[in-house]
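Single-structure report; data block below.
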Amino acid sequence: MRIRYHHPIPNFYKVENPINPLNSISETLLNDLDEFILNQNFIGVSYSKLSDEFKKEWNIDWDNILILKYKMSDDILKMNPSKEKTVLEDKEFQDFGRKTFEVADFLRQNNFKADLIHPLDDSVSLRAIAMQSMDCVITRSNMCMFKEALNVGFFMIKTSIENLPYKNENDMQWVSDFCSTCGICIDRCPEKAFDEDGKFIRKLCTAHSQGCSKCVLICPFYKQGYEKVKKRYDRKQKR
Ligand code: SF4
Ligand code: SF4
């Protein structure tokens, strides 16, 4: 079990799963679902379709996943590592966890099976599931980055819906090349949580135990945003 400051989230379902769940969603209802998710203050949704190999590797029997993304508060991120900061980060996590149950209830009300994948369950890697969405990358500082922001947290719902708009190509792969020429996080990490080849050393990182966010705050993706960094990268490639 990894060190974490997040507390388990109790169940907040108000609606039971349907006995005969549907497995196809109409475009109109998908738009309504997106709107419902955004109204809960999530910044977006991604979708992962898990392959047979993936399910076998992780010993799971579900495959359609909604990833609800929220932007971690800038004000909290900018605080120095402290107990108070970890409490606030946990509160934010609990708030969005509760909203995720509301999204699951929305799906259940519309006759789809929907269950939150517990974020503290170590038997499956949520990051590995996130990567299956083809909508994110792992940065050098070990952040799971989506285009919306670097400081994104997420919750996941497994569902009976088979026809979600899954992506089959990841257009963010260039980020690893950019990171290999940047390295600011390696230079500025107060815990020296990177080895001599620049590989992240999880056990030395104090993000989860004390709330360190230094590498997020100094990262170009945080300071300028994904699109600006991408434009700069593309310009450089053309020279
Ligand atoms: S600081 Fe640089 S190397 Fe580190 S994650 Fe951000 S872009 Fe990548
Ligand atoms: S969160 Fe802090 S300790 Fe962890 S890699 Fe980033 S700067 Fe280093």
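The values are calculated or read from the model by the stated rules, or taken from the named source; none is laboratory data. A quick note: this is a predicted structure, and the numbers were derived from the prediction, not measured. Please note: Cβ atoms are built from the backbone with ideal geometry, for glycine as well, and neighbour counts cover all protein chains shown. The accessibility values were calculated without ligands, DNA or RNA, using every heavy atom of the protein model including side chains. Shrake-Rupley method; radii C 1.70, N 1.55, O 1.52, S 1.80 Å.
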* **lysines whose Cα lies under 27 Å from that of Lys85, excluding same-chain neighbours fewer than 8 positions away** => Lys69, Lys71, Lys99, Lys147, Lys192, Lys199, Lys203, Lys214, Lys223
* Asked: For the range 174-238, with every protein chain kept in place, what is the accessible area per residue (1.4 Å probe, Å²)?
  -> 65
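Given 0.36 nm per residue, what is the gain on full extension from Glu53 to Arg98 after removing their alpha carbon distance, in nm?
Values: separation 45, 0.36 × 45 = 16.20 nm, distance 3.14 nm.
Answer, rounded to one decimal: 13.1 nm.
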* **Difference of contour (0.36 nm per residue) and Cα-Cα distance, Glu227 to Trp174** => 17.8 nm
* **Projected area averaged over orientations for the range 27-159, convex hull of C-alpha atoms, nm²** => 8.8
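Let me know the charge dipole size of the range 175-231 about its Cα centre in debye, to the nearest 20, where only the beta-carbon of Lys, Arg (+1) and Asp, Glu (-1) is charged. It would help to have the intermediate numbers written out before the result.
Working: 10 positive and 7 negative charges, 51 e Å.
Dipole of the range 175-231, to the nearest 20 debye: 240 debye.
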* To do: Mind checking which of Thr139, Asn163, Ile19 is farthest towards the positive end of the chain's charge dipole, using Cβ charges of +1 (Lys, Arg) and -1 (Asp, Glu) about the Cα centre?
  => Thr139
* **Förster radius 22 Å - calculated FRET efficiency between Ile60 and Lys14 (Cβ-Cβ, nearest 0.05)** => 0.30
* **Charge dipole of the range 174-238 about the Cα centre (unit charges at C-beta), most positive-ward option of Leu204, Ala193, Trp174** => Trp174
* Structure fact -> Among Lys99, Lys78, Lys49, the residue with the largest mean-square fluctuation in a Gaussian network model of the chain built from Cα contacts under 10 Å is Lys78
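Please report, in debye to the nearest 20, how large the charge dipole of the chain is about its Cα centre when each Lys and Arg carries +1 at its beta carbon and each Asp and Glu carries -1 there.
Approximately 1100 debye in magnitude.
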* Asked: Excluding ligands and nucleic acids, what accessible area in Å² is computed for Arg235 using a 1.4 Å probe, to the nearest 10?
  -> 140
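Return one quarter of the surface area of the convex hull spanned by the alpha-carbon atoms of the chain, equal to its mean projected area, in nm². Display every interim value, and only then the final one.
Values: hull surface 56.6 nm².
Value for the chain: 14.2 nm².
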* Surface accessible to a 1.4 Å probe, Leu77 within the full protein complex, Å² -> 10
* Using alpha carbons only: equivalent-ellipsoid semi-axes of the range 174-238, gyration tensor based, whole Å -> 24, 14, 8
* Could you give the length gained on full extension between Thr181 and Lys167, defined as 0.36 nm per residue of separation minus the Cα-Cα distance, in nm? -> 2.3 nm
* Structure fact -> Of Asn17, Asn31, Asn41, the most mobile residue in a GNM of the chain (C-alpha springs, cutoff 10 Å) is Asn31
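Please calculate how many Å² of accessible area the range 88-148 carries per residue, with a 1.4 Å probe and no DNA, RNA or ligand atoms counted. Write out the running numbers ahead of the final one.
Numbers: 2140 Å² over 61 residues.
Solvent-accessible surface per residue comes out at 35 Å².
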* **Only Lys, Arg (+1) and Asp, Glu (-1) charged, at Cβ; the range 1-115 dipole about Cα centre in debye** => 420
* Keeping the other protein chains in place, figure out the carbon and sulfur percent of the accessible area of the range 174-238, with a 1.4 Å probe. => 50
